[in-house]
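K.L.:
After the C-alpha coordinates below, expect a handful of questions from me.
The values are calculated or read from the model by the stated rules, or taken from the named source; none is laboratory data. As the structure is a computational prediction, the values presented were derived from the model and not from experiment. In this analysis, Cβ positions are derived from the backbone assuming ideal geometry, glycine residues included, and neighbour counts consider all displayed protein chains. Ligands, DNA and RNA are stripped out before the accessible areas are found, and what is left, the full protein with its side chains, is counted by its heavy atoms. Shrake-Rupley method; radii C 1.70, N 1.55, O 1.52, S 1.80 Å.
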Amino acid sequence: MTEHSGVVVLGSLNMDIVLSVERIPGPGETLLAREMDTYPGGKGLNQAVAVARANAPCTMIGFLGTDDFGRSLRDVLETERIENSRVLEIKGQTTGQAFITVSQSAENSIVVVSGANINPSSLTERDLESIASARVLLAQLEIPISRVSQAARFAKSKGSTVVLNAAPATELDDDLLSNLDFLIVNEHEASIIAKENDLPKAMQKLAGKVDNLIVTLGKLGSVVFSNAIELFRTPAFEVKAVDTTGAGDTFCGAFVAAISKGETIQFAVRYATAASALAVTKQGAVPSIPTEAEVEEFLAARL
Ligand code: ADP
(Lines give C-alpha, C1' and ligand atoms only; values in the text may rest on other atoms or scores of the structure.)
Protein backbone atom coordinates (compact mmCIF):
# COMPACT_ATOMS: atom_id res chain seq x y z
CA MET A 1 0.00 0.00 0.00
CA THR A 2 1.32 3.43 -0.86
CA GLU A 3 1.22 5.97 1.92
CA HIS A 4 -1.21 8.73 0.89
CA SER A 5 -0.58 12.14 2.37
CA GLY A 6 -1.20 15.79 1.65
CA VAL A 7 -3.08 17.49 -1.14
CA VAL A 8 -2.45 17.91 -4.86
CA VAL A 9 -4.05 21.00 -6.36
CA LEU A 10 -4.54 20.81 -10.12
CA GLY A 11 -5.44 24.24 -11.44
CA SER A 12 -4.81 27.72 -12.74
CA LEU A 13 -2.29 30.35 -11.76
CA ASN A 14 -2.92 33.96 -12.77
CA MET A 15 -1.57 37.40 -12.13
CA ASP A 16 -4.51 39.70 -11.39
CA ILE A 17 -3.98 43.23 -12.68
CA VAL A 18 -6.40 45.52 -10.91
CA LEU A 19 -7.06 48.91 -12.53
CA SER A 20 -8.86 51.43 -10.32
CA VAL A 21 -10.91 53.77 -12.53
CA GLU A 22 -13.65 56.33 -11.99
CA ARG A 23 -16.15 54.30 -14.01
CA ILE A 24 -16.09 51.21 -16.23
CA PRO A 25 -15.15 52.47 -19.74
CA GLY A 26 -17.75 52.14 -22.48
CA PRO A 27 -17.11 51.07 -26.10
CA GLY A 28 -14.54 53.32 -27.79
CA GLU A 29 -13.72 55.15 -24.54
CA THR A 30 -10.23 55.76 -23.15
CA LEU A 31 -9.84 56.36 -19.42
CA LEU A 32 -6.88 56.96 -17.16
CA ALA A 33 -6.53 54.57 -14.24
CA ARG A 34 -6.03 56.10 -10.79
CA GLU A 35 -3.95 53.13 -9.70
CA MET A 36 -2.72 49.75 -10.90
CA ASP A 37 -2.01 46.87 -8.54
CA THR A 38 -0.93 43.31 -9.27
CA TYR A 39 -1.94 40.36 -7.09
CA PRO A 40 -1.31 36.64 -7.40
CA GLY A 41 -4.54 34.81 -8.28
CA GLY A 42 -6.27 32.11 -10.25
CA LYS A 43 -8.51 29.63 -8.47
CA GLY A 44 -5.82 26.96 -8.47
CA LEU A 45 -3.19 29.14 -6.82
CA ASN A 46 -5.68 30.67 -4.34
CA GLN A 47 -6.82 27.21 -3.24
CA ALA A 48 -3.25 25.88 -3.00
CA VAL A 49 -2.36 28.81 -0.72
CA ALA A 50 -5.45 28.06 1.40
CA VAL A 51 -4.35 24.41 1.73
CA ALA A 52 -0.77 25.35 2.63
CA ARG A 53 -1.80 27.99 5.19
CA ALA A 54 -4.11 25.39 6.76
CA ASN A 55 -0.87 23.51 7.36
CA ALA A 56 -1.38 20.55 5.02
CA PRO A 57 1.44 19.51 2.65
CA CYS A 58 0.49 20.85 -0.79
CA THR A 59 1.75 20.10 -4.29
CA MET A 60 0.54 22.13 -7.24
CA ILE A 61 0.22 20.97 -10.86
CA GLY A 62 -0.17 23.73 -13.44
CA PHE A 63 1.43 25.89 -16.10
CA LEU A 64 3.14 29.28 -16.23
CA GLY A 65 4.50 31.28 -19.14
CA THR A 66 8.12 32.27 -19.55
CA ASP A 67 7.66 35.87 -18.40
CA ASP A 68 8.05 38.06 -15.32
CA PHE A 69 4.56 37.23 -14.04
CA GLY A 70 5.45 33.54 -14.18
CA ARG A 71 8.57 34.18 -12.13
CA SER A 72 6.61 36.20 -9.54
CA LEU A 73 4.01 33.45 -9.19
CA ARG A 74 6.76 30.84 -8.76
CA ASP A 75 8.09 33.01 -5.88
CA VAL A 76 4.63 32.96 -4.28
CA LEU A 77 4.57 29.14 -4.47
CA GLU A 78 8.01 29.02 -2.86
CA THR A 79 7.11 31.50 -0.10
CA GLU A 80 3.96 29.53 0.72
CA ARG A 81 5.96 26.27 0.77
CA ILE A 82 3.87 24.75 -2.03
CA GLU A 83 5.76 21.97 -3.83
CA ASN A 84 5.99 23.35 -7.38
CA SER A 85 8.22 21.06 -9.43
CA ARG A 86 5.07 20.03 -11.37
CA VAL A 87 4.30 23.67 -12.26
CA LEU A 88 5.90 23.84 -15.69
CA GLU A 89 6.81 26.82 -17.84
CA ILE A 90 5.63 26.74 -21.44
CA LYS A 91 8.12 28.40 -23.78
CA GLY A 92 6.70 31.37 -25.68
CA GLN A 93 3.43 31.26 -23.76
CA THR A 94 2.17 34.04 -21.46
CA THR A 95 1.31 33.44 -17.82
CA GLY A 96 -2.44 33.60 -17.14
CA GLN A 97 -3.63 37.13 -16.44
CA ALA A 98 -6.87 38.72 -15.33
CA PHE A 99 -7.40 42.41 -16.09
CA ILE A 100 -9.86 43.65 -13.49
CA THR A 101 -11.30 47.13 -13.85
CA VAL A 102 -12.83 48.39 -10.61
CA SER A 103 -14.95 51.56 -10.60
CA GLN A 104 -15.35 53.99 -7.71
CA SER A 105 -18.79 52.53 -7.02
CA ALA A 106 -17.13 49.07 -6.70
CA GLU A 107 -18.53 47.67 -9.95
CA ASN A 108 -16.04 45.58 -11.89
CA SER A 109 -15.43 44.13 -15.32
CA ILE A 110 -12.90 41.39 -15.94
CA VAL A 111 -11.01 40.20 -19.02
CA VAL A 112 -9.08 36.94 -18.57
CA VAL A 113 -6.11 35.89 -20.68
CA SER A 114 -5.90 32.17 -19.94
CA GLY A 115 -2.42 31.85 -21.50
CA ALA A 116 -0.47 28.84 -20.25
CA ASN A 117 -3.37 27.65 -18.04
CA ILE A 118 -5.26 26.23 -20.99
CA ASN A 119 -2.43 24.08 -22.28
CA PRO A 120 -4.36 20.96 -23.27
CA SER A 121 -1.61 18.35 -22.86
CA SER A 122 -2.33 15.20 -20.85
CA LEU A 123 -0.91 14.73 -17.36
CA THR A 124 2.62 13.31 -17.39
CA GLU A 125 3.89 10.24 -15.54
CA ARG A 126 5.39 12.50 -12.88
CA ASP A 127 2.10 14.40 -12.46
CA LEU A 128 0.33 11.07 -12.00
CA GLU A 129 2.92 9.95 -9.43
CA SER A 130 2.23 13.09 -7.38
CA ILE A 131 -1.51 12.47 -7.58
CA ALA A 132 -1.10 8.81 -6.60
CA SER A 133 0.80 9.71 -3.44
CA ALA A 134 -1.65 12.41 -2.29
CA ARG A 135 -4.52 11.79 0.07
CA VAL A 136 -6.71 14.35 -1.71
CA LEU A 137 -6.89 15.74 -5.25
CA LEU A 138 -8.47 19.20 -5.55
CA ALA A 139 -9.28 20.69 -8.98
CA GLN A 140 -11.27 23.59 -10.43
CA LEU A 141 -12.35 24.39 -13.99
CA GLU A 142 -10.08 27.24 -15.14
CA ILE A 143 -8.02 24.61 -17.01
CA PRO A 144 -9.03 22.14 -19.75
CA ILE A 145 -11.64 19.73 -18.40
CA SER A 146 -9.85 16.83 -20.14
CA ARG A 147 -6.97 17.22 -17.65
CA VAL A 148 -9.38 17.37 -14.71
CA SER A 149 -11.19 14.23 -15.89
CA GLN A 150 -7.92 12.34 -16.40
CA ALA A 151 -6.70 13.33 -12.93
CA ALA A 152 -10.01 12.47 -11.25
CA ARG A 153 -10.19 9.04 -12.89
CA PHE A 154 -6.60 8.25 -11.94
CA ALA A 155 -6.87 9.57 -8.35
CA LYS A 156 -10.05 7.57 -7.80
CA SER A 157 -8.36 4.40 -9.08
CA LYS A 158 -5.55 4.97 -6.54
CA GLY A 159 -7.94 5.41 -3.63
CA SER A 160 -7.40 9.17 -3.16
CA THR A 161 -10.26 11.47 -2.24
CA VAL A 162 -11.31 13.51 -5.29
CA VAL A 163 -12.72 17.01 -4.79
CA LEU A 164 -13.90 19.26 -7.63
CA ASN A 165 -14.78 22.90 -7.18
CA ALA A 166 -16.78 23.27 -10.41
CA ALA A 167 -15.94 26.93 -10.99
CA PRO A 168 -16.41 28.52 -13.44
CA ALA A 169 -19.50 26.39 -13.99
CA THR A 170 -19.79 24.27 -17.09
CA GLU A 171 -21.53 21.06 -18.09
CA LEU A 172 -20.09 18.03 -16.26
CA ASP A 173 -20.28 14.58 -17.83
CA ASP A 174 -21.29 11.47 -15.89
CA ASP A 175 -17.80 9.95 -16.11
CA LEU A 176 -16.29 12.92 -14.24
CA LEU A 177 -19.16 13.09 -11.73
CA SER A 178 -18.83 9.37 -10.95
CA ASN A 179 -15.17 9.85 -9.96
CA LEU A 180 -15.84 12.65 -7.47
CA ASP A 181 -16.01 12.17 -3.72
CA PHE A 182 -17.00 15.81 -3.22
CA LEU A 183 -18.43 18.41 -5.58
CA ILE A 184 -18.24 21.96 -4.17
CA VAL A 185 -20.19 24.76 -5.87
CA ASN A 186 -21.77 28.08 -4.95
CA GLU A 187 -25.49 28.61 -5.53
CA HIS A 188 -25.00 30.24 -8.91
CA GLU A 189 -22.82 27.36 -10.15
CA ALA A 190 -25.28 24.78 -8.77
CA SER A 191 -28.06 26.25 -10.92
CA ILE A 192 -25.93 26.40 -14.08
CA ILE A 193 -24.59 22.85 -13.74
CA ALA A 194 -27.99 21.37 -12.86
CA LYS A 195 -29.65 23.51 -15.58
CA GLU A 196 -32.29 24.41 -12.99
CA ASN A 197 -33.02 27.94 -11.76
CA ASP A 198 -34.83 26.84 -8.61
CA LEU A 199 -31.99 26.35 -6.09
CA PRO A 200 -33.54 23.59 -3.91
CA LYS A 201 -34.35 21.61 -7.06
CA ALA A 202 -30.90 22.26 -8.52
CA MET A 203 -29.20 21.06 -5.32
CA GLN A 204 -31.34 17.93 -5.15
CA LYS A 205 -30.60 17.16 -8.79
CA LEU A 206 -26.83 17.53 -8.32
CA ALA A 207 -26.87 15.67 -5.01
CA GLY A 208 -28.26 12.66 -6.86
CA LYS A 209 -25.22 12.57 -9.15
CA VAL A 210 -22.29 12.68 -6.70
CA ASP A 211 -21.41 10.98 -3.41
CA ASN A 212 -21.15 14.26 -1.53
CA LEU A 213 -22.25 17.74 -2.56
CA ILE A 214 -21.40 20.98 -0.77
CA VAL A 215 -23.21 24.13 -1.85
CA THR A 216 -21.85 27.38 -0.42
CA LEU A 217 -24.46 30.06 0.14
CA GLY A 218 -22.39 33.21 0.72
CA LYS A 219 -23.24 34.84 4.04
CA LEU A 220 -25.88 32.14 4.64
CA GLY A 221 -23.16 29.49 5.03
CA SER A 222 -23.33 26.11 3.34
CA VAL A 223 -25.26 22.87 2.97
CA VAL A 224 -23.89 19.34 2.67
CA PHE A 225 -25.64 16.45 0.91
CA SER A 226 -24.45 12.84 1.13
CA ASN A 227 -25.99 10.04 -0.92
CA ALA A 228 -28.66 12.45 -2.19
CA ILE A 229 -29.81 13.33 1.34
CA GLU A 230 -29.32 16.70 3.02
CA LEU A 231 -26.93 15.93 5.88
CA PHE A 232 -26.47 19.29 7.61
CA ARG A 233 -26.37 23.05 7.17
CA THR A 234 -23.68 25.30 8.60
CA PRO A 235 -24.46 28.98 9.13
CA ALA A 236 -21.72 31.44 8.22
CA PHE A 237 -19.94 33.22 11.06
CA GLU A 238 -21.02 36.81 11.53
CA VAL A 239 -18.16 39.05 10.54
CA LYS A 240 -17.74 42.51 9.03
CA ALA A 241 -17.33 41.67 5.33
CA VAL A 242 -14.86 43.95 3.54
CA ASP A 243 -14.20 41.99 0.32
CA THR A 244 -15.68 38.58 -0.49
CA THR A 245 -13.15 37.85 -3.28
CA GLY A 246 -11.62 34.46 -2.64
CA ALA A 247 -14.19 33.34 -0.04
CA GLY A 248 -15.05 30.26 -2.10
CA ASP A 249 -11.39 29.46 -2.80
CA THR A 250 -10.52 29.73 0.89
CA PHE A 251 -13.48 27.50 1.78
CA CYS A 252 -12.38 24.80 -0.71
CA GLY A 253 -8.69 24.84 0.26
CA ALA A 254 -9.38 24.85 4.01
CA PHE A 255 -12.00 22.08 3.69
CA VAL A 256 -9.67 19.85 1.70
CA ALA A 257 -6.72 20.48 4.05
CA ALA A 258 -8.82 19.27 6.99
CA ILE A 259 -10.08 16.22 5.06
CA SER A 260 -6.47 15.35 4.13
CA LYS A 261 -5.64 15.25 7.86
CA GLY A 262 -8.38 12.67 8.42
CA GLU A 263 -10.92 15.06 9.96
CA THR A 264 -14.68 14.41 9.62
CA ILE A 265 -16.83 16.23 7.04
CA GLN A 266 -18.49 18.14 9.92
CA PHE A 267 -15.17 19.32 11.32
CA ALA A 268 -13.79 20.20 7.87
CA VAL A 269 -16.86 22.28 6.98
CA ARG A 270 -16.70 24.17 10.30
CA TYR A 271 -13.00 24.82 9.76
CA ALA A 272 -13.64 25.99 6.16
CA THR A 273 -16.52 28.20 7.32
CA ALA A 274 -14.23 29.90 9.84
CA ALA A 275 -11.37 30.27 7.33
CA SER A 276 -13.66 31.82 4.70
CA ALA A 277 -15.28 34.14 7.28
CA LEU A 278 -11.79 35.44 8.13
CA ALA A 279 -11.01 35.78 4.40
CA VAL A 280 -13.93 38.17 3.81
CA THR A 281 -12.73 40.51 6.57
CA LYS A 282 -9.68 41.53 4.48
CA GLN A 283 -9.09 42.89 0.97
CA GLY A 284 -7.93 40.64 -1.87
CA ALA A 285 -7.77 36.89 -2.34
CA VAL A 286 -4.30 35.58 -1.42
CA PRO A 287 -3.56 38.32 1.17
CA SER A 288 -6.81 37.51 3.01
CA ILE A 289 -6.37 33.73 3.33
CA PRO A 290 -5.83 32.92 7.04
CA THR A 291 -3.27 30.59 8.62
CA GLU A 292 -4.20 27.56 10.71
CA ALA A 293 -3.29 29.47 13.89
CA GLU A 294 -5.65 32.34 12.95
CA VAL A 295 -8.51 29.93 12.21
CA GLU A 296 -7.95 28.04 15.48
CA GLU A 297 -7.92 31.27 17.46
CA PHE A 298 -11.14 32.42 15.71
CA LEU A 299 -12.86 29.11 16.46
CA ALA A 300 -11.63 28.96 20.06
CA ALA A 301 -13.24 32.35 20.70
CA ARG A 302 -16.57 30.99 19.44
CA LEU A 303 -16.93 27.67 21.26
P1 ADP B 1 -17.94 32.09 -3.81
O2 ADP B 1 -16.83 32.97 -3.35
O3 ADP B 1 -17.47 30.90 -4.59
O4 ADP B 1 -19.09 32.81 -4.48
P5 ADP B 1 -19.57 31.97 -1.40
O6 ADP B 1 -19.89 33.40 -1.61
O7 ADP B 1 -20.71 31.02 -1.30
O8 ADP B 1 -18.55 31.41 -2.48
O9 ADP B 1 -18.69 31.89 -0.04
C10 ADP B 1 -18.05 30.72 0.38
C11 ADP B 1 -18.11 30.63 1.90
O12 ADP B 1 -17.51 31.81 2.46
C13 ADP B 1 -19.52 30.61 2.48
O14 ADP B 1 -20.01 29.28 2.57
C15 ADP B 1 -19.34 31.24 3.85
O16 ADP B 1 -18.97 30.24 4.81
C17 ADP B 1 -18.18 32.21 3.64
N18 ADP B 1 -18.69 33.57 3.43
C19 ADP B 1 -18.98 34.18 2.25
N20 ADP B 1 -19.45 35.43 2.44
C21 ADP B 1 -19.46 35.62 3.78
C22 ADP B 1 -19.83 36.72 4.65
N23 ADP B 1 -20.31 37.86 4.16
N24 ADP B 1 -19.70 36.55 6.00
C25 ADP B 1 -19.20 35.40 6.51
N26 ADP B 1 -18.83 34.33 5.76
C27 ADP B 1 -18.96 34.44 4.42
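K.L.:
Can you pull out the GluC sites (Glu not before Pro) in the stretch 16-91 that DSSP calls coil and that have at most 15 other Cβ atoms within 10 Å?
P.N.:
Glu22, Glu29
K.L.:
I've got another one for you. Set the Förster radius R0 to 22 Å, insert the Cβ-Cβ distance between Arg153 and Arg126 as r into 1/(1 + (r/R0)^6), and round the FRET efficiency to 0.05.
P.N.:
It comes to 0.80.
K.L.:
Take the Cα radius of gyration of the stretch 68-151 and divide it by 2.2 N^0.38 Å, with N its residue count; two decimals is plenty.
P.N.:
This ratio for the stretch 68-151 stands at 1.30.
K.L.:
Follow-up. Could you tell me how many cubic angstrom of Cα convex hull volume the stretch 168-290 has per residue?
P.N.:
Cα convex hull per residue, to the nearest whole number: 101 Å³.
K.L.:
Using Cα positions and a limit of under 18 Å, work out the aspartates and glutamates in reach of Lys219, with same-chain residues fewer than 8 apart set aside.
P.N.:
Hits, sequence-local ones excluded: Glu187, Glu189, Glu238, Asp243, Asp249.
K.L.:
While we're on this one: For a bin width of 10 Å, list the pair-distance distribution of the stretch 244-287 built from all Cα-Cα distances, rounded to whole %.
P.N.:
Percent of Cα pairs in each bin: 36, 47, 17, 0.
K.L.:
In Å, what Rg and Dmax follow from the Cα atoms of the stretch 162-207?
P.N.:
9.7, 27
K.L.:
Further question on the same structure: If the reach is capped at under 20 angstrom between alpha carbons, list the lysines near Lys156, excluding any in the same chain fewer than eight residues apart.
P.N.:
Lys156 reaches Lys209, Lys261.
K.L.:
Full-extension gain between Leu31 and Leu88, please, as 0.36 nm times their residue separation minus the C-alpha to C-alpha distance.
P.N.:
Gain in length upon complete extension: 16.9 nm.
K.L.:
Still on this structure, please answer the following. Post the alpha-carbon centroid distance, the stretch 235-303 to the stretch 127-199, in whole angstrom.
P.N.:
Between the Cα centre of the stretch 235-303 and that of the stretch 127-199, the gap is 21 Å.
K.L.:
Also: If a/c stays under 1.5 just call it rounded; otherwise compare a/b with b/c (prolate if a/b is bigger, oblate if not). Do that for the stretch 6-49, with a ≥ b ≥ c from the square roots of the Cα gyration tensor eigenvalues.
P.N.:
Since a/c reaches 1.5 and a/b is larger than b/c, the shape of the stretch 6-49 is classed as prolate.
K.L.:
Could you rank the peptides 171-179, 40-48 by their average count of other C-beta atoms within 10 Å per residue, with the highest value first?
P.N.:
Answer by packing, highest mean first, reads 40-48, 171-179.
K.L.:
Stokes-Einstein diffusion coefficient for the stretch 118-193 at 20 °C in a medium of 1.002 mPa s, Rh from the Kirkwood formula over Cα pairs: what value in µm²/s?
P.N.:
It diffuses with D of about 171 µm²/s by this estimate.
K.L.:
Let me ask something else about it. Given a Förster distance of 30 angstrom, what is the FRET efficiency for Lys240 paired with Arg23, based on the Cβ-Cβ distance and rounded to 0.05?
P.N.:
0.65
K.L.:
Evaluate E = 1/(1 + (r/R0)^6) for Leu199 and Glu296, where r is the Cβ-Cβ distance and R0 equals 41 Å; express this FRET efficiency to the nearest 0.05.
P.N.:
0.80
K.L.:
Inverting the mean 1/r over all pairs of different Cα atoms, compute the Kirkwood radius of the chain and quote it in Å.
P.N.:
19.5 Å
K.L.:
If you count only protein heavy atoms with a 1.4 Å probe, what accessible area per residue comes out for the chain, rounded to a whole Å²?
P.N.:
Per residue, the chain has 47 Å² of solvent-accessible surface.
K.L.:
May I pose another question? Carbon-plus-sulfur fraction of the accessible area of the chain, 1.4 Å probe, in percent?
P.N.:
52 percent
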